[in-house]
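Notes follow once the structure below has been shown.
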Amino acid sequence: MTAFKVATVAVKPFAGQKPGTSGLRKRVPEFQQENYTENFIQAVLDGGLGAKKAGATLVVGGDGRYLLPQAINVIIKIAAANGVKKLIIGKDGILSTPAVSNLIRKRHTSGGIILTASHNPGGPKNDFGIKFNCENGGPAPDQTTDAIYAITTQIASYKLCPELNVDFGAIGKDSFEIEGVGQFEVEVIDSVADYLELMSEIFDFTQIKDFITGKATGQKFNLLVDSMHGVTGPYISTLLVDILGADASSLSRTVPKPDFGGGHPDPNLTYAKDLVDTLKQGQLDFGAAFDGDGDRNMILGKNGFFVTPSDSLAVIAANLEAIPYFRKNGVHGFARSMPTAAAVDRVAKAVGKRCFEVPTGWKYFGNLMDAGLLSLCGEESFGTGSDHIREKDGIWALLAWLQILAVKKQSVEQIIKEHWQKYGRNVFTRYDYENVDAGGANLMMKFLEPQLPGYIGKTVSANGVEFKVAAADNFEYRDPVDQSIAKNQGLRIIFEDGSRLIFRLSGTGSAGATVRLYVESVYEPSVGLDKLFAPSEDLLRPLVLVALDLSKLQQFTGRNEPTVIT
């Protein structure tokens, strides 16, 4: 066997290679700069693995977006030269983010590298991303991303095997001799099989199939699931059609494309409008959509009835006994990200379970799960998941809903409205002001934060509705497991009735700044059905006006309307 030579390439650092809550996300042309991707991959191996780098096994895959094959080739060459023992790669480089988390845990690997910018657009001029997940299967914690970033600021060289070229388009194993290092192995696997095996252990596929095909009810359940040309297409095709008996016509945009078909792979009312419009025609019972890498989901009922992510989390929490996994393993607690409406808190209180409020970023749930404190969690940004892996999981959320529907044999709308009548309604919206001037966005936050203490005890009003401020702060989180502290996680104004306003600058974009305004109004069951079931925009309007007035958001950003409302 011919040994592949290792080369050392002298480089200078690139500014700004700081991983955010979900890795490093930049425009494709930035990653295409000479040595840019190589520098960051070397830093990931050194900072993410440290002393465990030699002999490590890593999972590698991504969402199929533009630049994926080239990035995987770089990872193979650099991993081999750095003494990594083995890479497990999805066929053609395709692996959903939940599938990577599962493989890390199932194969007991040292971690994984996920090539995705999640819900951000793809293509030659759009976004690419590189994310490191640790050996628990979850996103790297702050101390690890800090270590990676520190290395990027002082990197002087990287190692690679320039002549090593591996075909990852065919399932199988290849072994290579690396000069001065030893054996290096690449295993290319079926992208779908391991993940679907896990889902079959969590849910009752027979019960769901009988429900979809009509065997259980005498009436076929008509659904439409949109993969938005992201990574979930192959998973959903096998799962829904081959295993669960749905018609092929139940699937939409299932072929992963480097540019997501020119669309924006974010499953919300704006970017999945075609799905929403189809559901509004009233011929289908259920709709769902997923983002580029498969960790986010949107749930719709008949006539386009929209389930907010906060309500989706709360309904799943209230019906966990429908899912075999939880009947077997029990429920250890719930959690939500701080901006997520507190609907799940009400369920937790009713069933006597602890509910944690954590910063935005799935990594904060991981510690709680590993400590046995958490079973179910979610984020308002269309992320829902459980302790079966350490990532949010779009297909898992779809199956959870199908399992609940199969048990309750009610419509999505009926289930939601019964839930509101029992627990009350946390009406929620999020206004995204995308790609605004970063200077104006930061000035708004600096203007608002010093005023927060003075708001406490004051009453504000709009449209004849009054709100009394009970608390106001910049959210700070102390992890109950490792006692680490995350500061400056979002400005909060909390009212006496539980309603809330949250202001955050997002860290998931690749250019400019994104201002997120979260508005939550609380309505108890006693307000009456006319109020409880009223359109959300009507119920939220007074508090939205209060938010815009207090923050002067329109003046600071120059935007009269948000880019996206969810």
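The values are calculated or read from the model by the stated rules, or taken from the named source; none is laboratory data. Everything quoted here is computed from the prediction, not taken from an experiment. Ideal geometry is used to build each Cβ from the backbone, glycine not excepted, and the neighbour counts take in all protein chains shown. Heavy atoms of the whole protein, side chains included, go into the accessibility calculation; ligands, DNA and RNA do not. Shrake-Rupley method; radii C 1.70, N 1.55, O 1.52, S 1.80 Å.
Scanning segment 94-138 for residues that are assigned to a loop (DSSP other than H, G, I, E, B), within 21 Å of Asp387 (Cβ to Cβ) and not hydroxyl-bearing (Ser, Thr, Tyr) yields Leu95, His108, Cys134, Glu135, Asn136, Gly137, Gly138. When residues in segment 280-314 are screened for being in a helix (DSSP H, G or I) and basic (Lys, Arg), 2 of them pass.
Listed here are the residues, each with its yes/no results for (1) among the acidic types (Asp, Glu); (2) over 30 Å from Ser484 (Cβ atoms).
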| position | (1), (2) |
| --- | --- |
| Asn136 | no, no |
| Ile155 | no, no |
| Val166 | no, yes |
| Ile171 | no, yes |
| Glu177 | yes, yes |
| Ala193 | no, yes |
| Thr213 | no, yes |
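Meeting the requirement of 2 or more residues that are outside the structural domain of Leu452 (by TED's automatic domain parsing) and loosely packed, with under 13 Cβ neighbours inside 10 Å, no helices (runs of 4 or more DSSP H) wholly within segment 519-564 can be named.
Whether a residue is closer than 27 Å to Asp127 by Cβ and among the hydroxyl-bearing types (Ser, Thr, Tyr) was assessed, and Ser250 does not pass this test. Among the residues making up segment 322-346, those that are within 20 Å of Glu524 (Cβ to Cβ) and open to solvent by 30 Å² or more (accessible area, probe 1.4 Å) are Asp345, Arg346.
Only a single item in (1) closer than 27 Å to Asn126 by Cβ; (2) modelled with pLDDT under 95 is not met by Lys26, and it is number (2). Counting the residues of segment 172-223 that are on the phi > 0 side of the Ramachandran plot and either open to solvent by 30 Å² or more (accessible area, probe 1.4 Å) or in a strand (DSSP E or B) (or both) gives 4.
The residues of segment 32-50 that are without any contact (Cβ under 8 Å) to a residue 60 or more places away in the chain and farther than 20 Å from Asp142 by Cβ, listed by number, are Gln32, Gln33, Glu34, Tyr36. Residue pairs whose Cβ atoms lie under 8 Å apart, separated by 6 or more positions or on different chains, with the first residue in segment 271-289 and not assigned by TED's automatic domain parsing to the domain that holds Lys220 and the second open to solvent by 30 Å² or more (accessible area, probe 1.4 Å) and not hydroxyl-bearing (Ser, Thr, Tyr), do not occur. Taking the criterion of being of a type in the set (A, V, I, L, M), open to solvent by less than 50 Å² (accessible area, probe 1.4 Å), out of contact with any Lys or Arg (no Cβ under 8 Å at 6 or more places or on another chain) and assigned to a helix (DSSP H, G or I), the residues of segment 1-51 that qualify are Ile41, Ala43, Val44, Leu49. Ile485 meets the conditions (1) in contact with a Ser or Thr (Cβ under 6 Å, 6 or more places away or on another chain); (2) of a type in the set (A, V, I, L, M); (3) surrounded by fewer than 18 Cβ atoms within 10 Å (Cβ to Cβ) in every case but one. The failed one is (1). Evaluating Ile416 against the criteria (1) under 29 Å from Leu103 (Cβ atoms); (2) open to solvent by less than 10 Å² (accessible area, probe 1.4 Å) leaves one unmet condition, (1). Can you tell me which residue is farthest from Tyr523 (Cα to Cα) among those in segment 357-393 that are surrounded by fewer than 21 Cβ atoms within 10 Å (Cβ to Cβ) and among the hydrophobic types (A, V, I, L, M, F, W, C)? Of everything passing the filter in segment 357-393, Ala371 is farthest from Tyr523 (Cα to Cα). Among residues that are more than 22 Å from the chain's Cα centre (by Cα) and not polar (S, T, N, Q), Asp226 is not included.
Say whether the condition of being of a type in the set (A, V, I, L, M), more than 21 Å from Gly230 (Cβ to Cβ) and buried (at least 20 other Cβ atoms within 10 Å of the Cβ) is met by at least one residue in segment 125-144. Within segment 125-144, one or more residues are of a type in the set (A, V, I, L, M), more than 21 Å from Gly230 (Cβ to Cβ) and buried (at least 20 other Cβ atoms within 10 Å of the Cβ). Might you let me know whether segment 232-251 holds any residue that is out of contact with any Lys or Arg (no Cβ under 6 Å at 6 or more places or on another chain), in the same structural domain as Val412 (by TED's automatic domain parsing), outside any helix (DSSP H, G or I) and touching a residue at least 60 places away in the same chain (Cβ under 8 Å)? Yes.
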